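Worksheet for the structure shown next.
Readers should treat all values here as calculations from the given coordinates under stated rules, not as data from a laboratory. Model, not experiment: these values are computed from the prediction. Here Cβ is always computed from backbone atoms with ideal geometry, including for glycine, and neighbour counts include all displayed protein chains.
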Amino acid sequence: MRAGPARVAPALTYITRAAVCRLFGPFAIAGAAMSSPLLDPTSPAYKKARRQHLKSTRNRSKDIDEGWTPFRAAEKKYKARFPPPDLADVLDLALLDDGRAEEVEAGVWKGNTSALEFREIGLGDSETHDSSDRVRKRKAFALPRIPGLVILPSFVSHETQRELVRWALVDQARHPNETNLDTHYILPQDGLWNSYLRTCSQGIDDEIVQPRASSVESQTCTISEPSGPRQLISNTPASPSTYSSLSDTPKLPYSPSPTASPISTSDLVPKLRWANLGWFYHWGTKQYDFSKGQQEIGDVARAVCKEAVHNVNWADVYSGDDGEGWGDGGPDWETWTESYEPDAGIVNFYQTKDTLMGHVDRSEVCATSPLVSISLGNAAVFLIGGLTRDAPPVPILLRSGDVVIMSGPACRRAYHGIPRVLESTLPKHLRAIGGDEDWAPYAKYLSTTRINVNVRQVFPKGFDPGLDNTAVA
Ligand SMILES: O=C(O)CCC(=O)C(=O)O
Ligand SMILES: [Fe+2]
């Protein structure tokens, strides 16, 4: 189940210098000094955060706290705005890489390399070259606590990160893909972002986007879906045996919000939460709607996903695996190099105040094949646990360029979520670069944003979904 970017009080991480030192170590003081407006206990904003914290905790009953599952308790811990969470238990693999020291130290937030047990696993093509032709050594790690989880820190080069950001905003968050905003607004035909870019480059007034509720076509819609958060809806896990009845379940269209009002493109851009990739997804039933056909997974994203899956040494990942839970055919990781083919996904856009609640991605018929997740922009705390919320999750700090692969029966359908996007962690290579005027609107948007490209394989190799190919766009 999932819900998504939940709205909380404005992002505040104001802490005293002593607390900064205790939480993040001595360097954090230097980082803190750089972003002092966020860290000044005498500021009105700091005082407001403290007041909000006291107000929201005043009536909290101990029983409620004790009723939380371990997953919920961890979410609460990292979501907290005041006092800000201690990241000492958060695995931060960027700290192992000298090449990322500047990136790590420019942000206030740091995790730890000894927070969790991990082991390095084999990675083919581990040496790559950056744009200045410097050699970059990439690594892959597995966590014994979550078999099938692979972390590839800084797997995506700086240039490809910028390319993916442009691709996500320019090409994906627009028709014919669906976004969270389409239900409620009549978006510009060439996409919200492209319209916004035009106003930036031409110095003209923002376009005003009209709400859909007033249009005639909205009268035919039958279920409602709020504009922002992805909803918590319990769904039947897809599998070869449930596929046929799930794909036949009626997928009713959504009704637009009656309260949405005309809004400028620059005010609407930060409300973008997700864009659909590949097969269309129906959020009401939490099933794919194959009747709508399929879009392409863009070449750059597809190439990153395939490169990651092809280069991980899966024998290392699954050494010692007992073969439990893989289903009738047994473990199939040996075939992934040939059989992995991404065909669906979502681009998540998080503002720094947004969260993604713990959920399981179980709408794909393929329950074990790799799900590849690419982080871009500001860093975040990612939680991943077990097959229920009762398994205590592990916290992992994901930074721009990191790739996570969720695979196999213990991980692919494990609860996971994003309780926290970490403010002020945008790396230098994504900030405004002197001389690159074109990048300026991206840098501005990214200063408060994290983007996640989450790519899946819906059908296992050899499975015949019985779809009419003419539906494929
Ligand atoms: O943002 C992330 O890293 C995770 C996103 C996710 O879990 C999802 O889209 O299902
Ligand atoms: Fe997910």
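Mind giving me the FRET efficiency for Gln202 and Ala315? R0 is 60 Å, r the Cβ-Cβ distance, nearest 0.05 is fine.
0.60
For Tyr281, which sequence-distant residues (separation of 5 or more, or a different chain) have an amide H within less than 5 Å of its own amide H, given hydrogens modelled in the peptide plane?
It is Asp289, by chain and number.
At 37 °C and 0.692 mPa s, grab the translational diffusion coefficient of segment 231-272 from Stokes-Einstein with a Kirkwood Rh over Cα pairs, rounded to a whole number in µm² per second.
Rounded to a whole number, D works out at 231 µm²/s.
Calculate the spin-label point distance for Asp390 paired with Thr113, positioning each point 7 Å from the Cα along the beta-carbon direction, and give it in nanometres.
3.7
What is the distance in Å between the Cα centres of segment 339-397 and segment 301-330?
Here the two parts' Cα centres lie 17 Å apart.
Principal axes first, then extents: for the Cα atoms of segment 82-183, list largest minus smallest coordinate on each axis, whole Å, largest first.
Reported extents, whole Å, longest axis first: 45, 44, 32.
Could you list which residues have their amide H under 5 Å from that of Phe82, counting only those 5 or more apart in sequence or on another chain, with H placed in the peptide plane?
When sequence neighbours closer than 5 places are left aside, there are no close amide H contacts.
Tell me which lysines have Cα within less than 30 Å of Lys251's Cα, excluding those fewer than 8 residues away on the same chain?
The qualifying lysines are Lys271, Lys286, Lys292, Lys461.
Using the Cα atoms of segment 379-473 to build a convex hull, what is its mean projected area in square nanometres?
9.7
What is the packing order of peptides 94-105, 335-346, 352-363, taking the mean over residues of other C-beta atoms within 10 Å and listing the highest first?
Ranking the peptides 94-105, 335-346, 352-363 by packing returns 352-363, 335-346, 94-105.
Just the Kirkwood number for segment 313-468, please: inverse of mean 1/r across all distinct Cα pairs, in Å, one decimal.
Across segment 313-468, the inverse of the average 1/r is 17.2 Å.
Once you put a point 7 Å from the Cα of Asp267 and another 7 Å from the Cα of Glu338, both along the Cβ direction, what distance in nm separates them?
So the label points at Asp267 and Glu338 sit 5.7 nm apart.
At a Förster radius of 51 Å, what calculated FRET efficiency corresponds to the Cβ-Cβ distance of Asp464 and Asp97, to the nearest 0.05?
That gives a FRET efficiency of 0.70.
Order the peptides 136-143, 321-328 from the highest to the lowest mean number of other Cβ atoms within 10 Å of their residues.
Top of the packing list down: 136-143, 321-328.
Which Rg and Dmax, in Å, describe the Cα atoms of segment 240-323?
Expressed in Å, the Cα Rg and Dmax of segment 240-323 come to 19.3, 58.
Determine ³J(HN,Hα), in whole Hz, for all residues of segment 247-255 in sequence, where each value follows from phi through the Karplus function 6.51 cos²θ - 1.76 cosθ + 1.60 and θ = phi - 60°; x replaces Gly and Pro.
Going residue by residue, I get 6, 8, 4, x, 10, 6, x, 8, 9 Hz, with x marking Gly and Pro.
Taking segment 315-368 as the region of interest, what is the percent of Cα-Cα pairs per 10 angstrom bin, listed from the shortest bin to the one with the maximum distance?
With 10 Å bins starting at 0, P(r) equals 15, 38, 30, 16, 1.
From the phi of every residue in segment 196-210, what ³J(HN,Hα) in whole Hz does the Karplus formula 6.51 cos²θ - 1.76 cosθ + 1.60 yield, where θ is phi - 60° and glycine or proline is x?
Working through the residues one at a time gives 4, 4, 4, 5, 5, 6, 9, x, 9, 5, 4, 6, 9, 9, 8 Hz.
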